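Student: Structure below; questions to follow.
The values are calculated or read from the model by the stated rules, or taken from the named source; none is laboratory data. None of these values were measured; they are calculated from a predicted model. Using ideal geometry, Cβ is built from the backbone for each residue, glycine included, and neighbour counts are taken over all protein chains shown. Calculation scope for accessible area: heavy atoms of the full protein, side chains included, ligands and nucleic acids excluded. Shrake-Rupley method; radii C 1.70, N 1.55, O 1.52, S 1.80 Å.
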Amino acid sequence: QVQLVESGGGLVQAGGSLRLSCAASGRTFSTNTMGWFRQSPGKEREFVAAITRSGGSTYYADSVKGRFTISRDNAKNTVYLQMNSLKPEDTAVYYCAAQLYGNSVHSPRSYGYWGQGTHVTVSS
């Protein structure tokens, strides 16, 4: 079992920055690829970013590439999402997740553990 707790969400003006954190506990954190997803009202959950267990590879949705950075600290069992140049369309609930299945880091179905989410609101 892996328990995930996100933090760092809030209200920010367009162009601003936020840093989300996801603290993991339970089974060994460093064995899992970790991902960030987001969901807006009326929309499906969408992939934002992922990082392999060693941190050697990262993946981003086109909509956030160049603005968001995913990182992890396995010693602290924490994964981060640095979000810069935020836009109103980034407004969503952001979830971190631990991959358990398959090879597609972009699909929510590949992830077996999820946090409760943290709200990010970007005002124009």
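Student: Which whole-angstrom value gives the distance between the alpha carbon centres of region 98-124 and region 1-80?
Tutor: Region 98-124 and region 1-80 have Cα centres separated by 8 Å.
Student: Something else about it: Starting from the Cα-Cα distance between residue 39 and residue 11, subtract it from 0.36 nm times their residue separation and give me the gain in nm to one decimal.
Tutor: Computed gain between residue 39 and residue 11 is 8.5 nm.
Student: Mind checking the full-extension length gain between residue 65 and residue 89? Use 0.36 nm per residue of separation minus the Cα-Cα distance, one decimal, nm. Before the final figure, lay out the partial values.
Tutor: On the way: separation 24, 0.36 × 24 = 8.64 nm, distance 1.41 nm.
Between residue 65 and residue 89, full extension yields an extra 7.2 nm.
Student: How large is the charge dipole for region 1-116, taken about the Cα centre, if only the Cβ atoms of Lys, Arg (+1) and Asp, Glu (-1) carry charge, to the nearest 20 debye?
Tutor: It comes to approximately 180 debye.
Student: How many Å² of accessible area per residue for the chain, probe 1.4 Å?
Tutor: Normalised by residue count, the accessible surface of the chain is 50 Å².
Student: Further question on the same structure: Under 16 Å from a point placed 7 Å out from the Cα of residue 23 along the Cα-to-Cβ direction: which residues of region 91-120 have their backbone N that close?
Tutor: 96, 115-118
Student: With a cut-off of 8 Å between alpha carbons and a minimum separation of six or more residues, what is the relative contact order of the chain in percent?
Tutor: 35
Student: In addition: Under a straight-distance cross-link criterion of Cα-Cα below 22 Å, which lysines are reachable from residue 43, leaving out those fewer than 8 residues away in the same chain?
Tutor: Cross-link targets: 65, 87.
Student: Continuing with the same structure: Once the Cα atoms of the chain are picked out, what are the Rg and Dmax in Å?
Tutor: In Å, with Rg to one decimal and Dmax whole: 13.3, 41.
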